[in-house]
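The numbers here are math on the coordinates, done by the rules we state, and not lab data. Since the structure is predicted, the reported quantities are computational estimates derived from the model, not experimental observations. Here Cβ is always computed from backbone atoms with ideal geometry, including for glycine, and neighbour counts include all displayed protein chains.
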Amino acid sequence: MNGLSRWRIAAAAIIVLGLLLFAAKFTPIYIHNQQLQSFVRDVAARPESNGQPDESLRAAVLGKAHDLDLPVQPDNVTVIRSKEGLQIDVRYVVRVTFPGYTVDLHFYPGAGSR
């Protein structure tokens, strides 16, 4: 192997390690968001949810978000009741910080019953 080949192998290894680092940070956040989305959909679809107070539904969503380590605050959860049914919307931001780079991930899980 000459020097150029070693340099290319080292550069490729650094790039792969960087991608793995990004995946290790982002993948759990996206998986937890999907789990929250599924929970919100299930809560909104249950017939008994129509009879529950908004605060009870909000507390259930906040509890699940807390279990998933998602930074959802009470004002991030909106419960809307209409003649069409129940709608639960959640809007929150997860800040991910790397050395020299910060990104805000915006999530909007929500569901409604019909």
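Numbers for the structure displayed
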| quantity | calculated |
| --- | --- |
| Extension gain from Ile14 to Arg46, taking 0.36 nm per residue of separation minus the Cα-Cα distance | 6.7 nm |
| Computed [θ] at 222 nm, helices only, for the chain once each DSSP H run of length n ≥ 4 contributes -39500 (n - 2.57) | -18000 deg cm²/dmol |
| For Val77, Val103, order by how many other beta-carbon atoms lie within 10 Å, fewest first | Val103, Val77 |
| Percent RCO, i.e. relative contact order, over the chain, from Cα pairs under 8 Å lying at least 6 residues apart | 24 |
